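Report on the following structure.
The values are calculated or read from the model by the stated rules, or taken from the named source; none is laboratory data. Not measured: the values here are computed from a predicted model. Every residue, glycine among them, receives a Cβ derived from its backbone with ideal geometry; neighbour counts consider all protein chains shown.
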Amino acid sequence: MKKLRTIFIFSMEFFVIFYCITGTAFGINSTDNNSAQPGDYLNSEISNVDYDNYNYFFGLNSYGNTVITRYGKLPDLETEEQKESWKSSLEDLSEKIKDTVVSEYMYPHGEIVTCGTNSQGYFLILFRYGNVDEPLMDEIYALIDNSAKEMGIQDTPVEFGYGIYQAEIPLDSEHGIYHTYGENVENLSESEIRAIEEYMKKKPEQLSGNYIANYGEIPLLKDRTEVRSWGSKLYSIKNGTEGKILPYLEKGQVVAYGIELTRLVVGIYDGLPSEEKAVLVEEIYQIIDEEARKQNVTDIPVAFEESGYLQLDEEVIEDGEAVGEETNLLASGEKNTGEINNLNNNDSESANKSSSSGDKSSENNFTPGFGLLGSLTCLYGGWRLRKK
């Protein structure tokens, strides 16, 4: 089965547009009893840049969550044993409601795209940005809370939010037929709809990383125009800082720097002392933040990960250029264990036409652009997919 890769990192000469499908919504904060007007969203209180803050039970992975509202009340979880028991209870709850959620409320039938939990202990429901309102959230909360009561859980804590998605869903993997998330589903056959339903019932491969620190915030991206605009800003900020990041690369302190979907990623060499890593993180984020503010971007999202030195897959280099349809530059010499996900051709062509830079998208979503040295130091092509 073709699996969505979580990281697309670009060289200085390469830019790819990532997208999600969007609309309008509003919500209220049931826990704090504070009303939220249309367009207002709650402080998430946890970093949406750190993917380790989320564990998804079924549906699609999200590449940046924005909280709408919360219902219920968190239990007192003081010991690790209590926390693990609570996580297990929430997972059991997700299994209890899965069939109903998938058949009635989940993509392609409804607005839900992901069911999971966050690091605070909330049961998590993520929507695609669109036709979401308070009555819908009330209805879904009633389903969750009533099922939880059958398990002895009262006043179930549920967080509702929006996710950012990009996925290829297999309809007939044997014949290479896939549905691009967000495309029209009206013309799909009953068997194809069932295939999507079965796929959405599965636990997605967990987005994860050996994070040292995470700064900033991934913004709510409401439509493709906003996604393209945000991607252009990330690309411009990366270009504007590469000269100042290069000395760290040359010293071997930084082993990767690039764009990962909706955020910037800096790979710090894992062999450095902890104190040196902490200093590097502060210095490098200041460099990136200063450039971002020059371009009127605040809270620029940057993830700092521990990483080994980049090595090339076998037969990557032939006459000084990368070869092979699925060649990648990997962190710590790890092998890419699956096929590379390709963006929808029409979306890629449209995005490229609308881009003022005139950069071209390759089938593998990377183009080595500066020769071997530049590729090794500035292109991070490791796919960080780990199951928890």
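Quick one: TRP86 ticks every box in (1) aromatic (Phe, Trp, Tyr); (2) more than 26 Å from GLU190 (Cβ to Cβ); (3) part of a strand (DSSP E or B) except a single one, so which number is it?
(3)
Taking the condition surrounded by fewer than 14 Cβ atoms within 10 Å (Cβ to Cβ) and under 25 Å from the mean Cα position of the chain (by Cα), does ASN184 pass?
Yes: the conditions hold for ASN184.
Of the conditions (1) within 16 Å of the chain's Cα centre (by Cα); (2) at pLDDT 95 or above; (3) over 24 Å from ILE112 (Cα atoms), GLY240 fails just one. Which one is it?
So the condition that GLY240 fails would be (1).
What pairs come out if I take residues in the range 60-83 that are closer than 30 Å to LEU261 by Cβ and pair them with residues that are in a helix (DSSP H, G or I) whose C-beta lies under 8 Å away, six or more apart or interchain?
From the range 60-83, the pairs are LEU60/MET200; ILE68/MET137; THR69/MET137; TYR71/MET137; TYR71/TYR141; TYR71/ASP145.
Can you pull out the residues in the range 266-283 that are of a type in the set (A, V, I, L, M, F, W, C) and surrounded by 23 or more Cβ atoms within 10 Å (Cβ to Cβ)? It would help to see each step written out before you state the result.
Narrowing the range 266-283 to residues of a type in the set (A, V, I, L, M, F, W, C): 266, 268, 272, 278-281.
VAL266, ILE268 - these are the residues of the range 266-283 that are of a type in the set (A, V, I, L, M, F, W, C) and surrounded by 23 or more Cβ atoms within 10 Å (Cβ to Cβ).
For ALA195, state whether it is at pLDDT below 95 and surrounded by 16 or more Cβ atoms within 10 Å (Cβ to Cβ).
So ALA195 fails the test.
Please work out if GLU325 is modelled with pLDDT under 95, in a loop (DSSP other than H, G, I, E, B), of a type outside the set (Ser, Thr, Tyr) and out of contact with any Phe, Trp or Tyr (no Cβ under 8 Å at 6 or more places or on another chain). First the steps, then the outcome.
On the way: modelled with pLDDT under 95: yes; in a loop (DSSP other than H, G, I, E, B): yes; of a type outside the set (Ser, Thr, Tyr): yes; out of contact with any Phe, Trp or Tyr (no Cβ under 8 Å at 6 or more places or on another chain): yes.
So GLU325 passes the test.
Would you check which residues across the range 121-145 are under 26 Å from TRP86 (Cβ atoms) and either modelled with pLDDT under 95 or touching a strand residue (DSSP E or B) at 6+ places or on another chain (Cβ under 8 Å) (or both) and list them?
Of everything in the range 121-145, those that are under 26 Å from TRP86 (Cβ atoms) and either modelled with pLDDT under 95 or touching a strand residue (DSSP E or B) at 6+ places or on another chain (Cβ under 8 Å) (or both) turn out to be TYR122, PHE123, LEU124, ILE125, LEU126, PHE127, MET137, ILE140, TYR141, ILE144, ASP145.
Of the numbered conditions (1) on the phi > 0 side of the Ramachandran plot; (2) without any contact (Cβ under 8 Å) to a residue 12 or more places away in the chain, GLN154 fails exactly one; give the number of that condition.
Among (1) on the phi > 0 side of the Ramachandran plot; (2) without any contact (Cβ under 8 Å) to a residue 12 or more places away in the chain, the lone unmet condition for GLN154 is (1).
Just checking, does the range 60-67 include any residue being in contact with a helix residue (DSSP H, G or I) (Cβ under 6 Å, 6 or more places away or on another chain), modelled with pLDDT of 95 or more and either surrounded by 16 or more Cβ atoms within 10 Å (Cβ to Cβ) or in a strand (DSSP E or B) (or both)?
No: the range 60-67 contains no residue that is in contact with a helix residue (DSSP H, G or I) (Cβ under 6 Å, 6 or more places away or on another chain), modelled with pLDDT of 95 or more and either surrounded by 16 or more Cβ atoms within 10 Å (Cβ to Cβ) or in a strand (DSSP E or B) (or both).
Go through GLY240, GLY231, GLY252, GLY258 for me and flag whichever is in a strand (DSSP E or B) and either free of Cβ contacts under 8 Å to residues at least 60 places away in the same chain or touching a strand residue (DSSP E or B) at 6+ places or on another chain (Cβ under 9 Å) (or both).
GLY258
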